[in-house]
1. Would you work out which of A:Asn10, A:Tyr35, A:Gly59 lies farthest towards the positive end of the dipole of the stretch A:1-61? Charges go on Cβ: Lys and Arg +1, Asp and Glu -1.
2. Of A:Ala31, A:Ala88, A:Ala97, which has the largest mean-square fluctuation in a 10 Å C-alpha GNM of chain A?
3. How well do other chains shield peptide B:55-64, expressed as the mean number of their Cβ atoms within 10 Å of each residue Cβ?
4. To the nearest 10 square angstrom, what accessible area does B:His72 show with a 1.4 Å probe?
5. Averaging sequence separations of C-alpha pairs under 8 Å and six or more residues apart, then dividing by the length of chain B, give the relative contact order as a whole percent.
6. Enumerate the calculated ³J(HN,Hα) couplings along the stretch B:69-76 in order (Karplus 6.51 cos²θ - 1.76 cosθ + 1.60, θ = phi - 60°), each rounded to whole Hz, writing x wherever the residue is Gly or Pro.
7. For chain B, what is the charge dipole size about the Cα centre, in debye to the nearest 20, if Lys and Arg each add +1 at the Cβ and Asp and Glu each add -1 at the Cβ?
8. Please report the accessible area of A:Glu14 (heavy atoms, 1.4 Å probe, ligands and nucleic acids excluded) in Å², nearest 10.
Amino acid sequence: GAGVSQSPSNKVTEKGKDVELRCDPISGHTALYWYRQSLGQGLEFLIYFQGNSAPDKSGLPSDRFSAERTGGSVSTLTIQRTQQEDSAVYLCASSLAGTAYHTFGSGTRLTVV
Amino acid sequence: DQQVKQNSPSLSVQEGRISILNCDYTNSMFDYFLWYKKYPAEGPTFLISISSIKDKNEDGRFTVFLNKSAKHLSLHIVPSQPGDSAVYFCAGKSISGSRLTFGEGTQLTVNP
């Protein structure tokens, strides 16, 4: 597609449930990133995929968070046993290999009640 | 540790005047800096960047200045327009990778 597509745009879930967030990057972009923005905060790095290399998971806040990228394209971020502090906007971005220019999706607003 | 810091949560200017947004960083390994603009309910969009080997980059109404010795950069918007009202994020990229480290953002309001 022309841009980075994320779904759903909004998700309300009960505490303790699992959620899956989806990101469809720009075609041809080999790098894919997940960030999150909590209320009043900047963007916090979560995880980075580059081609077939092992992902950089150094930003994942706990082992309840995981992500995969199938076929070098679509990525899914999974949060297990959601907690209220997981409430945030989750942003996906993609870029060409070796460049810093991220193109962001519109994000998924996750609310844990 | 807060490697990129934007100390002003908000800034209000009159239309036609200059807007100056500031950013400080601590990581000496940053080799590239970027500014992103974010409207509500949208993802951040790239605005302008600067390499660490430069001290100025200009693109139309937008100019970014980098002072490496002070570990400080600023974004100048002149003349400011009401459509520039948004949250502006400063970000640094380390020489060792392509992930970005963002500041907290500054809400710019340009009053007509």
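The values are calculated or read from the model by the stated rules, or taken from the named source; none is laboratory data. Just so it is clear, the model here is predicted, and its values are computed rather than measured. Cβ: placed from backbone, ideal geometry, glycine included. Neighbour counts: every protein chain shown. Just so you know, the surface numbers come from the protein's heavy atoms only, side chains and all, with ligands and any DNA or RNA stripped out. Shrake-Rupley method; radii C 1.70, N 1.55, O 1.52, S 1.80 Å.
1. Value computed over the given set: A:Asn10.
2. The residue that fluctuates most here is A:Ala97.
3. 0
4. Rounded to the nearest 10, the figure is 50 Å².
5. Reported as a whole number, the value is 37 percent.
6. Values, residue by residue: 5, 8, 6, 9, 9, 9, 10, 10 Hz.
7. Details: 11 positive and 10 negative charges, 32 e Å.
Rounded to the nearest 20 debye, it is 160 debye.
8. 110
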